Amino acid sequence: MFSKLINIIKYWHPKVALRYLPIVEEIEKEFTNKNLILEIGSGAIGIAPYLNREVVGADRDFSGKECSILKQVVADALNLPFADKSFDFVIASDVLEHIPQEKRKKAIKEWLRVAKNELIIAFPEGIEAEKQDRELYEEFKKRKCLDCAEKFFQDHLKYGLPKVEEVIKWIKGFMGDKGIKGEIREIDNLNLRLRKFLMQGWMTKNFFVDFFFRKIMLFFIPILRLFNNQLTYRKIIFVKIK
């Protein structure tokens, strides 16, 4: 319990928590201490402090604050250095939109290959999500937040957002080809208006405003999670393998 509190204070961010917590709840339903978890595109922190469990992170860049329970493996999302069915849970959250459209199908096939029990993919989707990305990209540039503008939006706008129908079609095709049985379901994640509000935290250079968005807002996460109705920014796809 104490270690979880430390992780929350040290690593949690409200907007990131709203993305990860539905995934955490899904994994916790069936998790045992023998299970192995892989996060593709984890960066230096990823989902590990939200799960409060050891996670293997596969990424090309681990710069930034490090998390002691994330085991870093330098790897390409399209060519993972792991055997088939190496991990009980495989997570790729906000990764697919950073991959060129012509390579996304290959990426999903590779992620499914290393998953034993469940593959979880989250990504921004839809016309309104893309519209908001464009608006925020211009706003970040106006406020001289160029690093964040490139980090959050450049690939989104260059490659276009994934389409949930297409992603599910690819997954079903791969499962059919390999004779894999399972079930696929999707949920909406993060109200667009709430997301736009929370993104303001990355635009500020004011210490007190930054502290409000990064720490004070953590106390409101249970309330913020109720705002997943109406238009949402992201889809989360759960692929349960039987």
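The values are calculated or read from the model by the stated rules, or taken from the named source; none is laboratory data. The shown structure was predicted, so the numbers you read here are calculated from the model rather than taken from an experiment. For neighbour counting, all protein chains shown are included, and Cβ atoms are generated from backbone atoms with ideal geometry for every residue, glycine included. Please note that ligands, DNA and RNA were not included when accessible areas were found on the heavy atoms of the full protein model with its side chains. Shrake-Rupley method; radii C 1.70, N 1.55, O 1.52, S 1.80 Å.
Side notes on the structure shown:
- Selection of segment 140-149 for residues being open to solvent by less than 100 Å² (accessible area, probe 1.4 Å) and at pLDDT 85 or above yields 140, 141.
- Pair list, Cβ < 8 Å and 6+ apart or interchain, from segment 163-189 residues that are within 16 Å of residue 93 (Cα to Cα) to residues that are open to solvent by less than 40 Å² (accessible area, probe 1.4 Å) and of a type in the set (Asp, Glu): 163/125; 164/125
- Checking each residue in segment 183-209 for being within 22 Å of the chain's Cα centre (by Cα) and either of a type in the set (Lys, Arg) or open to solvent by 30 Å² or more (accessible area, probe 1.4 Å) (or both) picks out 183, 184, 185, 186, 187, 188, 193, 195, 196, 197, 200, 202.
- Being closer than 30 Å to residue 240 by Cα and more than 19 Å from the chain's Cα centre (by Cα) is a condition met by no residue of segment 139-156.
- Looking across 56, 73, 90, one residue alone is in contact with a Pro (Cβ under 9 Å, 6 or more places away or on another chain) and either under 20 Å from residue 107 (Cα atoms) or of a type in the set (Lys, Arg) (or both). It is 73.
- Any chance residue 33 is in contact with a Pro (Cβ under 9 Å, 6 or more places away or on another chain) and modelled with pLDDT under 95: no
- Filtered by the rule that a residue be under 15 Å from residue 90 (Cβ atoms) and either more than 14 Å from the chain's Cα centre (by Cα) or buried (at least 19 other Cβ atoms within 10 Å of the Cβ) (or both), segment 1-25 gives 20, 23.
- Any hit, segment 35-45, residues being open to solvent by 10 Å² or more (accessible area, probe 1.4 Å) and touching a helix residue (DSSP H, G or I) at 6+ places or on another chain (Cβ under 7 Å): yes
- Members of segment 159-169 found to be over 23 Å from residue 16 (Cβ atoms) and open to solvent by 40 Å² or more (accessible area, probe 1.4 Å), listed by number: 163, 165, 166, 169
- Residue 126 being free of Cβ contacts under 8 Å to residues at least 12 places away in the same chain and over 24 Å from residue 42 (Cβ atoms): no
- Search result, residues across segment 150-190 that are modelled with pLDDT under 90 and among the acidic types (Asp, Glu): 150
- Enumeration of residues in segment 127-138 that are open to solvent by 30 Å² or more (accessible area, probe 1.4 Å) and either closer than 18 Å to residue 190 by Cβ or among the basic types (Lys, Arg) (or both): 127, 128, 130, 131, 134, 135, 137
- Verdict on residue 234 being among the charged types (D, E, K, R), in a strand (DSSP E or B) and either exposed (fewer than 13 other Cβ atoms within 10 Å of the Cβ) or touching a strand residue (DSSP E or B) at 6+ places or on another chain (Cβ under 7 Å) (or both): yes
- Number of positions in segment 1-41 that are in contact (Cβ under 8 Å) with a residue 40 or more places away in the chain and among the polar types (S, T, N, Q): 3
- Residue match in segment 107-115 (condition: open to solvent by 40 Å² or more (accessible area, probe 1.4 Å) and more than 28 Å from residue 130 (Cα to Cα)): yes
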